[in-house]
Amino acid sequence: MTTRKMQAALWYGPEEIRVEQIDIPEIRPNEVLVKIGTALTCGTDFKLFRRGHALLVKNLPSPFGHEMSGTVVEAGSEITRFKAGDRVVAANSAPCGHCFFCKKETWNLCENLEFLNGAYAEYIRVPAQIVAKNLYHIPDSLSFREAALTEPLACALHCIEKVGLKAGETLCVIGAGPCGLLFVQLGKLLGARVICVGRGDEKLQVAKKLGADHIFSILEEGVIRDRVRKVCPGGYGPDVVIEAAGQPATWEMSTELVRKGGRVWLYGGCSQGTKVTFDTHRIHYDEICISGVFHHTPTHFARSLSYIAEKRIDVTHLIAGERRLSELNQVFCKNVPENPLKIAIIP
């Protein structure tokens with residue numbers, strides 16, 4: 001019997017990916033095989049490309065990419081909710097449901113969180129844990145491109161829920177990448193005044209188009225704090241700062257921008273082992289609350305899909321272009337520090 005082959009991108013190490021012919025995965029009775037319709041680039045993918053990832057890379061060469069949607073081409077014999085021909089979007093993880101953290105309903109911290117990587121390919125095998133808890137039918141009204149944005153919006157929804165943002169508060173988003181742009185929209189949806197601080201005029205103009213009340217270039221070092229505070233009520237600074245850039249300097253900046261008694265949420269991840277310095281006097285005497293936030297849960301993933309389907313969040317401006325899978329090395333380029341907005345990768 002001839003083994004079926006497909007094109008897939010594999011990560012071999014820092015700044016080295018290859019698009020190769022590999023075997024199409026065989027599925028088990030409780031799994032499904034999905035033909036990729038669209039995979040989207042993500043800031044996490046660019047970080048993985050440059051330096052690897054503590055959670056996503058288990059073996060080398062490693063499958064690559066995690067935001068995708070497509071069509072079921074084969075469903076295992078035990079699968080009843082999905083069949084060949086169904087248009088679906090899969091989360092890139094699912095919790096086990098029975099560990100210490102799942103019992104506390106902190107699903108994103110699950111000790112046995114199963115990750116799905118390998119969206120830059122023609123086909124992907126969706127494992128049983130994700131099929132059972134985090135695989136969804138796509139409404140007919142949604143394109144594959146739009147549906148593939150369910151995962152990043154789910155992460156942003158998880159964060160914004162924890163923030164507890166109230167109508168009338170001022171939110172400052174640091175980072176004008178795709179997630180930063182999602183936070184701009186979520187902030188406006190909740191009735192907040194939104195400031196976006198980012199790198200690159202094109203992204204900042206998109207933030208403005210999506211509702212940001214004020215935009216500032218992060219390159220204006222030395223004056224950014226004063227400029228942000230000047231547009232806040234009383235000149236005190238934002239009530240909430242969400243750091244969505246994932247850089248040590250912007251982690252530190254977030255605590256400098258926020259007002260007394262304000263909240264800082266560190267959404268953007270830095271590389272493992274990174275150290276940052278905070279002014280302990282400011283955090284203590286100004287009662288600054290600082291929290292990390294990670295990933296998403298099945299509840300947020302389902303809610304995210306409905307937000308996109310109901311057009312409550314505009315995802316079209318987050319996708320800057322389209323490339324074929326065979327052209328992936330033109331998207332992930334060596335020695336290029338800047339991430340573009342999302343690129344749709346089509347097999």
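Taken together, the values in this text are just the output of simple stated rules run on the coordinates, not laboratory data. All figures in this text were calculated on a predicted structure; none of them were measured in a lab. We place every Cβ from the backbone using ideal geometry, glycine too, and count neighbours over all the protein chains shown.
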Legend entry - Percent of beta bridges antiparallel (DSSP, segment 155-292, rounded to nearest 5): 0 percent
Inset, instruction - Return the aspartates and glutamates within reach of Lys230: Cα separation strictly under 18 angstrom, same-chain partners fewer than 8 residues apart disregarded; answer none if there are no such residues. - result: Glu169, Asp213, Glu220, Glu221, Asp239, Glu256
Legend entry - Cα gyration tensor, segment 155-292 - rounded (a/c under 1.5), prolate or oblate: rounded
Legend entry - Sequence-distant lysines (8 or more away, or on other chains) whose Cα lies within less than 27 Å of Lys35: Lys5, Lys47, Lys58, Lys83, Lys133, Lys311, Lys342
Inset, instruction - Quick one: compute the contact order of segment 220-336, relative version, from alpha carbon pairs under 8 angstrom and 6+ residues apart, as a percent. - result: 18 percent
Legend entry - Full-stretch length increase - Ser271, Glu220 - with 0.36 nm per residue and alpha-carbon distance subtracted: 15.9 nm
Legend entry - Residues of segment 118-144 with amide N under 11 Å of a point placed 7 Å along Cα→Cβ from Arg81: 129-137
Inset, instruction - Classify the chain as rounded, prolate or oblate, taking a ≥ b ≥ c as the square roots of the eigenvalues of its Cα gyration tensor: rounded when a/c is under 1.5, otherwise prolate if a/b is larger than b/c and oblate if not. - result: prolate
Legend entry - Loop-resident sites, segment 244-334, for GluC sites (Glu not before Pro), counting at most 12 other Cβ within 10 Å (DSSP): Glu287, Glu310
Legend entry - From phi via Karplus (6.51, -1.76, 1.60), per-residue ³J(HN,Hα) for segment 322-335 in Hz, x at Gly/Pro: 9, 9, 7, 4, 5, 9, 4, 5, 7, 9, 9, 10, 5, 6
Inset, instruction - Can you list which of the chymotrypsin sites (Phe, Trp or Tyr not before Pro) found in segment 229-305 are DSSP loop residues with at most 16 other C-beta atoms within 10 Å? - result: Tyr236, Phe278, Phe294
Inset, instruction - Specify whether the C-alpha gyration tensor of segment 1-157 places it in the rounded, prolate or oblate class, a ≥ b ≥ c being the square roots of the eigenvalues: rounded for a/c under 1.5, otherwise prolate if a/b is larger than b/c and oblate if not. - result: rounded
Legend entry - Electrostatic dipole magnitude of segment 155-292 [Cβ: Lys, Arg +1; Asp, Glu -1; Cα centre; debye, to 20]: 260 debye
